[in-house]
Number of protein chains: 4
Amino acid sequence: MAQKTAPDSTRRSERSRRAIYDAALALVGEVGYAKLTIEAIAARAGVGKQTIYRWWPSKGAVLLDAFLDLAEQAAEAASAGHDTVQTEIPDSGDLEADLKFVMRATVDEFNDPKYDAPYRALAAEGLLNPELGQEFVEKLLEPQLQLFVDRVRRAQDAGQVLPDVDPRIALELWSSPLAQRWLMRSGALTHAYADKLVEYALYGIARRPA
Amino acid sequence: MAQKTAPDSTRRSERSRRAIYDAALALVGEVGYAKLTIEAIAARAGVGKQTIYRWWPSKGAVLLDAFLDLAEQAAEAASAGHDTVQTEIPDSGDLEADLKFVMRATVDEFNDPKYDAPYRALAAEGLLNPELGQEFVEKLLEPQLQLFVDRVRRAQDAGQVLPDVDPRIALELWSSPLAQRWLMRSGALTHAYADKLVEYALYGIARRPA
Amino acid sequence: MAQKTAPDSTRRSERSRRAIYDAALALVGEVGYAKLTIEAIAARAGVGKQTIYRWWPSKGAVLLDAFLDLAEQAAEAASAGHDTVQTEIPDSGDLEADLKFVMRATVDEFNDPKYDAPYRALAAEGLLNPELGQEFVEKLLEPQLQLFVDRVRRAQDAGQVLPDVDPRIALELWSSPLAQRWLMRSGALTHAYADKLVEYALYGIARRPA
Amino acid sequence: MAQKTAPDSTRRSERSRRAIYDAALALVGEVGYAKLTIEAIAARAGVGKQTIYRWWPSKGAVLLDAFLDLAEQAAEAASAGHDTVQTEIPDSGDLEADLKFVMRATVDEFNDPKYDAPYRALAAEGLLNPELGQEFVEKLLEPQLQLFVDRVRRAQDAGQVLPDVDPRIALELWSSPLAQRWLMRSGALTHAYADKLVEYALYGIARRPA
DNA sequence: TGATAACCGAGACGGTACGTCCTGTCTTGAG
DNA sequence: CTCAAGACAGGACGTACCGTCTCGGTTATCA
């Protein structure tokens, strides 16, 4: 299991770790992921290159950890105050209203330039790099989707959703189109769009029999 | 429009163009997009690097054209014989059946290793590079989606789909989840999954009022 | 003897030839011989590259012909008016005076920036390229030196120079040091220096026996 | 003085430096200076190109240092044993004999193929590149000439040379012609030729008054 | 309370690829 | 046929980073 003489993480420099995160996030915003380099991160962070190579296998991994850290901090801030980051989905009893609320917030978040560059970069890297993609999905994507699973399941218990519907699949009807439009820039992300997705998914597009 | 004394495309070498496409597609399959280099494409194609730089601005653009060419050839082959590539959506009168048929074929196509590497690479590159992303969407994505738009609109005319539904949004309910699962490797792509997406989208997941 | 299908020199474009000479001489002055390129000469002359490759084997050969042409023009101008270019050595009966006169003129010529760049370039190229060096020596160097041979021989006939002295070697005593200093930039080129070379060479540096 | 964050010479790899010298000297002999490339030197030396660019500004500079190193090694070898390389001029009291001895040795050295290619290349490069030319003259040429200055001055002190003769100029009467003939290939380099140069320079070519 | 072992900043190193420039050949179309 | 124009295969340029490797210099346990 030991690969080289694994580094001793107890002696790790916290200050360096933070500086690397900050540098990575700043640089990916400034020059883009393609032109992001380990050397530039090290230089900006005032850190030796080896310190990065010691703890991460690739620039994608650095950025993922940096972004995870950023999300974590945002979540902590949100739990205290009332911030934009979604940590759970409201349950007012009205599934449609609750979903629309969350989807509109997600639209706003996707439009926030702070998250755009790194998130997009990680998604792109994840497409090509299965290991990193796996981690991206597990640590960022699935936790968000799981909130929808829970909410749908609660609606099922309340008899508002058909009992034989698979919530894990159902949620993709509204979450995937949104993500897709954002990633591919294949359409505008508006509240109206988010609303329609929810409506279509809940009630279907087929004419109901009279 | 031209910035650098644009090359004279009438004198372009068709032989080189073909060789570059072949080399690019072969290499992206062998070593992956990240390790795909212009130098290697040129070497494999028996072509000077300048010949690539003369006609394309980046490796992504080369690969996009190569893939477009591949798709075009496949489409031509399909129009003659009966091949897998979808050039239109059947209209049997039964929307659900027709959509399921196409979605199952799409699942099979996504699982075809021949298309996997280049298509995935182009998607990833498109996430980071807006120009290329735009072209990717316009030339590859939208034409496919437009087929759904047409089919849904025909169903609307036949009174099978609610008249106030926007077909361009509706189709995302089944096409985006499939694409997303494939790109993110966030779930298995099966015929059953495709079927469910179509059913949920057509009839909704909410319990119908009695 | 024919190498490829030798070009037909009767149909050669005189206008192109002149333009190439002008371009080559101008460019070698502007950017130096190392950065002088066939492409730049062709572009500046408004000529196709092939027109250069058809008539010359290398940039050195082009420059040599260009410089020869320049020298020829200068000689014609000198024969008419009374210009600086030496076409023969005066014979006043006083060898020392005549040599000093020519040497001083040569110093002035070496200090003329018009000749500096191309002449220096040709000399350098000649060091490395034996064929071109041979031509350089035959067409530029030796004709100049032959003038000294003639003058020294006449002095010998007049009993002013020792009869067993080889004029071809003797002239090197003053001409080579001057050329060497200029090429190597290993010392200043002044009239005083030229005078001393002539005096030392004529009368020797050893103390004469009483 | 430093322009780009100058490299730390204390950490320089001695092994690489030696390998680069060896490769440069070998290659200049094999393919000639015009076809000598930094890339080939790096490949032959088993060294990254950057390692060359880090320490030298041009291939000429590499070759100069390589040749200087070669000369230094030869000088060390000569100081121990009795080798061909001239480290000083003998003083037997007979100036003519001493000069002829050294000049004949120089002729032999010029005819040694080991020194021919690099020395000729450096001379040519020095003609075009003033910085390198300066270094070439200072480090290679002048030290050799200084030996003549010293010997002539000693002869002056002994009353064998005219007191008002400038030794620095006098030595050019025999050394420049030899160098010139060699560089320009404008004549054969023989012992007889060397002897004549010395004789003419010492005693002059003019008929002595009766 | 030293020693001694890590992490750390720094950056030289052997490499690979970049995107540009130029070479010398070949092809096209005008005169 | 020559010529201007310029596409082509090829190859070197000088730069930028890669990931590995020392090199001192702090820490930070352990003997």
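Every number in this text was worked out from the coordinates using simple rules, so none of it is lab data. Because the structure is a prediction, the values reported are computed rather than measured. As a convention, Cβ positions derive from the backbone with ideal geometry for all residues, glycine included, and neighbour counts pool all protein chains shown.
Which lysines does D:Lys114 reach when only Cα atoms under 25 Å apart count, and residues fewer than 8 places away in its own chain are ignored?
D:Lys35, D:Lys59, D:Lys100, D:Lys139
Find the centroid of the Cα atoms in segment D:141-210 and in segment B:106-124, then give the distance between the two in whole Å.
With segment D:141-210 and segment B:106-124 each reduced to a Cα centre, they are spaced 82 Å.
Taking other Cβ within 10 Å of each residue's Cβ, how do A:Leu162, B:Leu95 sort, fewest first? Write out the running numbers ahead of the final one.
Numbers: A:Leu162 15, B:Leu95 22.
By the 10 Å Cβ count, ascending, the order reads A:Leu162, B:Leu95.
Nm distances between the label at A:Arg15 and the same-position labels in the remaining copies, 7 Å along Cα→Cβ, shortest first?
3.5, 6.5, 7.5
Give me the base-10 log of I(q)/I(0) for the protein assembly as shown at each q in 0.04, 0.11 Å⁻¹, Debye formula, one uniform scatterer per Cα, rounded to two decimals.
Each listed q corresponds, in turn, to -0.36, -1.25.
Counting only other residues whose beta carbon sits under 13 Å from that of D:Asp91, what net charge do I get with K and R as +1, D and E as -1? Please list the in-between numbers first.
Values: positive: D:Arg151, D:Arg153, D:Arg154; negative: D:Glu88, D:Asp94, D:Glu96, D:Asp98, D:Asp150, D:Asp157.
In short, -3.
Relative contact order of segment D:14-160: what whole-number percent is it, with Cα pairs under 8 angstrom and at least 6 residues apart? Please report the intermediate quantities before stating the final value.
Working: 105 pairs, mean separation 34.9, N = 147.
About 24 percent, as a whole number.
Taking H as built 1.01 Å from N, whose amide H comes closer than 5 Å to the amide H of A:Val161, not counting residues under 5 places away?
A:Gln156, B:Arg207
With a 10 Å Cβ neighbour count serving as the proxy for reagent exposure, in which order, fewest first, do C:Arg181, A:Arg15 appear? Please report the intermediate quantities before stating the final value.
Numbers: C:Arg181 21, A:Arg15 11.
Listed from fewest to most nearby Cβ atoms, that is A:Arg15, C:Arg181.
If you take every residue apart from D:Leu128 with its C-beta less than 12 Å away from the C-beta of D:Leu128, what net charge results, scoring Lys and Arg +1 and Asp and Glu -1? Kindly include the intermediate steps, with their values, before the conclusion.
Details: positive: C:Lys35, C:Arg120, C:Arg185; negative: C:Asp116, C:Glu125, D:Glu125, D:Glu131.
Residues near D:Leu128 contribute -1 overall.
Just counting partner chain Cβ atoms within 10 Å, what average do the residues of peptide D:30-40 show around their Cβ?
Details: counts 0, 0, 2, 2, 5, 0, 0, 0, 0, 0, 0.
Counting Cβ atoms of other protein chains within 10 Å of each residue's Cβ and averaging gives 1.
Enter the mean number of other protein chain beta carbons within 10 Å of the beta carbon of each residue in C:125-136, as an integer.
Numbers: counts 4, 6, 14, 9, 3, 1, 0, 0, 5, 3, 0, 3.
Averaged over the peptide's residues, the number is 4.
Apply the membrane-span-like helix rule to chain B: whole DSSP H runs, Cα extent along the own long axis of at least 24 Å, mean Kyte-Doolittle hydropathy at least 0.0. List the helices found. Spell out each step's value before the answer.
Working: long enough: B:14-31 (25 Å, 0.07); B:59-80 (32 Å, 0.64).
Helices meeting the span and hydropathy rule in chain B are B:14-31, B:59-80.
Would you mind giving the mean number of other chain beta-carbons within 10 Å of the Cβ of each residue in D:185-197, as a whole number? Spell out each step's value before the answer.
Details: counts 7, 11, 4, 0, 0, 0, 0, 1, 3, 0, 0, 6, 5.
The per-residue average across the peptide is 3.
Measuring nothing but label to label, 7 Å from Cα along Cα→Cβ, what are B:Asn111's distances to the other copies in nm, shortest first?
4.0, 8.4, 9.0
For A:Asp69, which inter-copy label distances result when the label point lies 7 Å beyond Cα on the Cα-to-Cβ vector, reported in nm to one decimal and in ascending order?
Copy-to-copy label distances for A:Asp69: 4.4, 4.5, 6.8 nm.
So what's the gap between the Cα centers of segment D:17-58 and segment C:1-61, to the nearest angstrom?
With segment D:17-58 and segment C:1-61 each reduced to a Cα centre, they are spaced 32 Å.
Using only DSSP helix segments of four residues or longer, with each worth -39500 (n - 2.57), what per-residue ellipticity at 222 nm results for the protein assembly as shown after dividing by its residue count and rounding to 500?
Working: 44 runs with 560 residues, N = 840.
So the helix-based figure for the protein assembly as shown works out to -21000 deg cm²/dmol.
Ratio of segment B:91-192's C-alpha Rg to 2.2 N^0.38 Å, to two decimals? Can you show the working numbers first?
Working: Rg = 14.8 Å, N = 102, 2.2 N^0.38 = 12.8 Å.
Taking N as the residue count of segment B:91-192, the ratio is 1.16.
Just check segment C:1-150 against the gyration tensor rule for me: Cα atoms, a ≥ b ≥ c as the square roots of the eigenvalues, rounded for a/c under 1.5, and otherwise prolate or oblate depending on whether a/b exceeds b/c. Don't skip to the end; give the middle numbers.
Working: a/c = 2.05, a/b = 1.91, b/c = 1.07.
Note, shape of segment C:1-150 comes out prolate.
With label points built 7 Å along Cα→Cβ from the Cα atoms of B:Asp108 and D:Glu142, find their separation and express it in nm.
About 8.5 nm, to one decimal.
In the neighborhood of C:Arg154, defined by Cβ-to-Cβ distances under 11 Å, what is the net charge if each Lys or Arg adds +1 and each Asp or Glu adds -1?
Working: positive: C:Arg151, C:Arg153; negative: C:Asp91, C:Asp98, C:Asp150, C:Asp157.
Overall, the nearby charge balance is -2.
Counting pairs of alpha carbon atoms under 8 Å apart in space and at least six apart in sequence, what relative contact order in percent does segment D:135-210 give? Provide the component values of the computation, followed by the final result.
Working: 29 pairs, mean separation 16.3, N = 76.
For segment D:135-210, the relative contact order is 21 percent.
Mind checking Rg over Rh on segment B:19-106, alpha carbons, Kirkwood formula for Rh?
Values: Rg = 17.5 Å, Rh = 15.1 Å.
With Rg and the Kirkwood Rh in hand, the quotient comes to 1.16.
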